[in-house]
1. For the stretch 12-68, which positions are over 16 Å from LYS90 (Cβ atoms), of a type in the set (D, E, K, R) and either within 14 Å of the chain's Cα centre (by Cα) or surrounded by 13 or more Cβ atoms within 10 Å (Cβ to Cβ) (or both)?
2. Pick from ILE20, ILE41: which is in contact with a Cys (Cβ under 9 Å, 6 or more places away or on another chain) and modelled with pLDDT of 95 or more?
3. With under 16 Å from GLY7 (Cβ atoms) and among the charged types (D, E, K, R) as the only criterion, which of LYS77, LYS49 stands out?
4. What are the pairs with Cβ atoms under 6 angstrom where one residue, in the stretch 10-28, is more than 16 Å from VAL40 (Cβ to Cβ) and the other, located anywhere, is polar (S, T, N, Q) and not in a helix (DSSP H, G or I)? Sequence gap at least six, or different chains.
5. Quick check on GLU16: is it in contact with a strand residue (DSSP E or B) (Cβ under 9 Å, 6 or more places away or on another chain) and not polar (S, T, N, Q)?
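The values are calculated or read from the model by the stated rules, or taken from the named source; none is laboratory data. These figures come from a predicted structure and were not determined experimentally. Here the Cβ positions follow ideal geometry from the backbone for every residue, glycine too, while neighbour counts run over all protein chains shown.
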Amino acid sequence: MEYGIRGVHCEIGEQEKHLIEKKLHRLEFAEDDIVDLNFVISKEKSGYKVEATVHFRWAHNFFMHADDFDVSQAIDKLFNKLEIRITKEKDKIKGHK
């Protein structure tokens with residue numbers, strides 16, 4: 001699984017990169033199924049918006065986002081959503097085999 005992190009209207013610091021890399025361990029159960037995972041962190045008037053685009057090896061993609069005033073809280077929210085959504089996607093594919 002490859003991943004990328006980029007910032008829009010803000011600099012991505014080592015703290016944010018480290019937090020995302022640390023949280024990626026929560027998705028290890030699906031690392032063989034995910035081709036790539038792209039993160040975009042953007043600074044907006046209402047706080048931070050963290051977005052993720054997931055590309056699976058069976059050509060299915062999905063997009064998720066989370067908002068918060070604190071960037072680390074937004075990252076936490078996003079990973080909670082990602083973990084649930086990826087689990088559902090894997091279960092759906094297992095049901096088709």
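1. GLU16, LYS17, GLU21, LYS22, LYS23, ASP36, LYS43, LYS49, GLU51, ASP67, ASP68
2. Numbers: ILE20 fails: in contact with a Cys (Cβ under 9 Å, 6 or more places away or on another chain).
On inspection, the qualifying residue turns out to be ILE41.
3. Details: LYS77 fails: under 16 Å from GLY7 (Cβ atoms).
None of the other options fit; the residue is LYS49.
4. That search, which allows pairs on different chains as well, returns nothing.
5. Details: in contact with a strand residue (DSSP E or B) (Cβ under 9 Å, 6 or more places away or on another chain): yes; not polar (S, T, N, Q): yes.
The answer is yes for GLU16.
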